Amino acid sequence: MKIKKYLSLLLLLTFLTTTYGQKKKVAVVTFYANKMVEFKELGIGSEELIKDVLDLRDNPNFNLAPLLEQFHSNFFNEYATAFPFELLPESSVVDTEKYLSLKLYWRK
C-alpha cells in the first residue's frame, strides 16, 4: 500500500514539474505612446494646465518616437532577459499572413 502512495506521489510530482517547468513563449508586437500628459495627481487647477498640455500635444517638435524606440530597444535587450519566459522575435508574428490580414483600427 505504501508503494502505491509513493508511486502516485512520484507520478504527480513528475507531472507537475514537466507541466510547470516548460518554457513559455510570448510575443510582444506593439509598443504605444500617447502625447497626452495626465496631470490629475498634481492637484493643480486643470484650467491652466489643459491649454499647455494641448499645445504640447499639437506641437510637431514634441516627438515621442525616439523615446519609444529607446524603450523598445531597452525592453528587448535588457529587461526581457529577466523574464521567466522566452520572447519570440516580433517578425515571427507581425510578418505572418494571419497577422497582416487582421482588421486593426489604426491600419487603414
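Laid out as a table, the results:
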| read-out | value |
| --- | --- |
| For L68, solvent-accessible area (1.4 Å; no DNA, RNA or ligand), Å² | 50 Å² |
| Full-stretch length increase - K25, F75 - with 0.36 nm per residue and alpha-carbon distance subtracted | 16.4 nm |
| Residues whose placed amide H lies under 5 Å from that of L87, excluding near-sequence neighbours | V26 |
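The values are calculated or read from the model by the stated rules, or taken from the named source; none is laboratory data. These numbers come from a predicted model, not from an experiment. Ligands, DNA and RNA are stripped out before the accessible areas are found, and what is left, the full protein with its side chains, is counted by its heavy atoms. Shrake-Rupley method; radii C 1.70, N 1.55, O 1.52, S 1.80 Å.
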